[in-house]
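The values are calculated or read from the model by the stated rules, or taken from the named source; none is laboratory data. None of these values were measured; they are calculated from a predicted model. Quick reminder, even Gly has a Cβ in these numbers, built from the backbone with ideal geometry, and neighbours come from all protein chains shown.
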Amino acid sequence: MKYYSKNLSISKIWVKASIYEKKDLLRIDVREYEKGINCGFKSKGGRKMKDEKKELNLSNRRRVLLAVKNRIQRLAWSNFDVNDKFITLTFSEHITDVQKANLDFKEFIKRLRKKYGFFRYLAVIELMKSGRIHYHMISNLPFIENRAPDRKLEKLWGRGTVTINRMEDCKNIFDYVAKYINKSMKSHLENKKSIVEKLAGNNTYLRSHNLIINKDLVNGEAIEFCRSKNVENIKPVFKLSAENDYVGKMDLIRFDIKNY
């Protein structure tokens with residue numbers, strides 16, 4: 001915890017511990033920031049030139065979407081495994097309105113719950129270059145026949161095509177999910193107003209309320225939690241260092257604790 005002891009400010013995050021669970025495994029990602037991250041934003045006044053604003057907005061969008069990507073991967077890791085299904089939903093019409101598409105998706109979930117009861121799902125919105133919308137969803141739904149001539153799941157969707165893949169051949173669930181998250185995030189990052197504005201005020205992903213939610217602790221709470229789990233005497237399973245102007249140097253250390 002080298003950076004934390006260097007400088008402590010109540011308005012900045014110097015150490016962050018992301019905690020997520022799966023059956024008998026506890027995973028802790030510890031991030032240490034050289035400069036700290038502001039917990040809030042404080043205006044310094046003045047005006048920014050148009051190009052500066054554009055660059056800042058793009059930079060902020062990258063940071064936000066990276067955080068979203070990490071959140072999605074953690075939710076996927078905690079709630080799904082290789083026995084679950086990866087489902088792609090497309091629209092037969094050229095649907096570009098995110099709010100309308102999300103309403104259609106939520107109605108589809110209601111129809112599924114009515115027929116199959118409660119289940120877990122996590123869905124990522126992907127925008128094509130044309131602005132057309134489709135969804136990639138992980139779910140623990142039971143087997144539903146979707147081959148011709150029945151196509152039961154496609155009929156329940158009722159808006160276009162449905163493709164179902166099993167994840168049993170995937171060595172790591174992240175491998176399967178990250179591929180589609182990266183495609184989705186890339187489409188959101190494109191410097192095209194027409195696409196970026198479509199997501200303004202809308203989530204980049206949708207999830208069921210019965211998912212296990214990960215917990216983040218910062219600064220003192222993060223330090224105490226790590227000490228309580230004796231992480232200093234546990235061999236990390238992953239390490240990463242990165243550096244940028246926003247946080248300076250960032251060190252990520254991952255610990256997996258079995259039978260905790």
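I'd like to know if region 218-239 contains one or more residues that are in a strand (DSSP E or B) and not assigned by TED's automatic domain parsing to the domain that holds D24. Yes, the conditions are met somewhere in region 218-239. Restricted to region 101-117, and to residues there that are exposed (fewer than 13 other Cβ atoms within 10 Å of the Cβ) and under 22 Å from the mean Cα position of the chain (by Cα), the residue that is farthest from E154 (Cα to Cα) is L103.
Residues that are among the aromatic types (F, W, Y) and closer than 16 Å to L141 by Cα within region 86-124 comprise F86, F105, F108, Y116, F118, F119, Y121, listed in sequence order. Kindly provide the set of residues from region 26-40 that are at pLDDT 90 or above and farther than 15 Å from N244 by Cα, ordered by number. The answer is L26, R27, I28, D29, V30. Inside region 99-119, residues that are at pLDDT below 95, more than 30 Å from S18 (Cα to Cα) and either in contact with a Lys or Arg (Cβ under 8 Å, 6 or more places away or on another chain) or not in a helix (DSSP H, G or I) (or both) make up a count of 1.
Go through I138, I213, I144 for me and flag whichever is modelled with pLDDT of 75 or more, under 20 Å from the mean Cα position of the chain (by Cα) and part of a loop (DSSP other than H, G, I, E, B). Steps first, answer last, please.
Values: I138 fails: part of a loop (DSSP other than H, G, I, E, B); I144 fails: under 20 Å from the mean Cα position of the chain (by Cα).
Checking each option against the conditions leaves just I213.
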